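The values are calculated or read from the model by the stated rules, or taken from the named source; none is laboratory data. Note that the structure is a prediction, hence the values are computed from the model and not measured. Quick reminder, even Gly has a Cβ in these numbers, built from the backbone with ideal geometry, and neighbours come from all protein chains shown. Side chains are part of the model used for accessible areas, which takes the heavy atoms of the whole protein and leaves out ligands, DNA and RNA. Shrake-Rupley method; radii C 1.70, N 1.55, O 1.52, S 1.80 Å.
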Amino acid sequence: MNYLTLKTLPPSAFKRGVGIPLPLFHELLEVLKAGELTKKKSGRPSPLSLEDQLLLTLGYWREYRTLFHLGLSYQVHESTAQRIVKRVETRLEAS
């Protein structure tokens with residue numbers, strides 16, 4: 001499940017699949033984009049887009065899936081999934 005496939009769904013199906021309405025998803029995405037602009041160091045780019053990073057985090061919160069299984073779903077290593085969840089949580093908390 002990635003953002004490219006989910007964005008074509010009607011709003012009710014998007015909410016059913018992700019757990020939050022589409023406008024709220026876009027608000028959270030704007031917070032993450034603002035956080036990306038304020039980074040001091042660029043570092044290695046994430047293998048996932050910001051949309052997919054947010055979806056991975058929402059899947060972790062909503063479905064209680066292990067980071068291993070989320071990593072398999074998004075084709076990243078378990079530790080990468082953990083870093084993504086931690087970074088997204090930190091940025092959303094700061095907002």
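Within the stretch 21-60, how many residues turn out to be farther than 14 Å from Ala94 by Cα and basic (Lys, Arg)?
The qualifying residues number 3.
Specify the residue that is farthest from the chain's Cα centre (by Cα); the eligible residues are those in the stretch 1-16 that are assigned to a helix (DSSP H, G or I), of a type outside the set (Lys, Arg) and surrounded by 15 or more Cβ atoms within 10 Å (Cβ to Cβ).
Top of the filtered list is Phe14.
Cβ contacts < 8 Å: first residue open to solvent by 50 Å² or more (accessible area, probe 1.4 Å), restricted to the stretch 33-56; second residue of a type in the set (Val, Ile, Thr) and at pLDDT 85 or above, any location; separation 6+ or different chain. Result?
Note: pairs meeting the criteria are Pro47/Val76; Pro47/Thr80.
From the residues in the stretch 17-28 that are part of a helix (DSSP H, G or I) and either under 23 Å from His77 (Cα atoms) or of a type in the set (Gly, Ala, Ser) (or both), which one is least open to solvent (accessible area, probe 1.4 Å)?
Only one residue tops the list, namely Val18.
Identify all residues within the stretch 75-95 that are over 18 Å from Gly35 (Cα atoms) and either open to solvent by less than 20 Å² (accessible area, probe 1.4 Å) or in a loop (DSSP other than H, G, I, E, B) (or both); write none if there are none.
The answer is Gln75, Val76, His77, Ala81.
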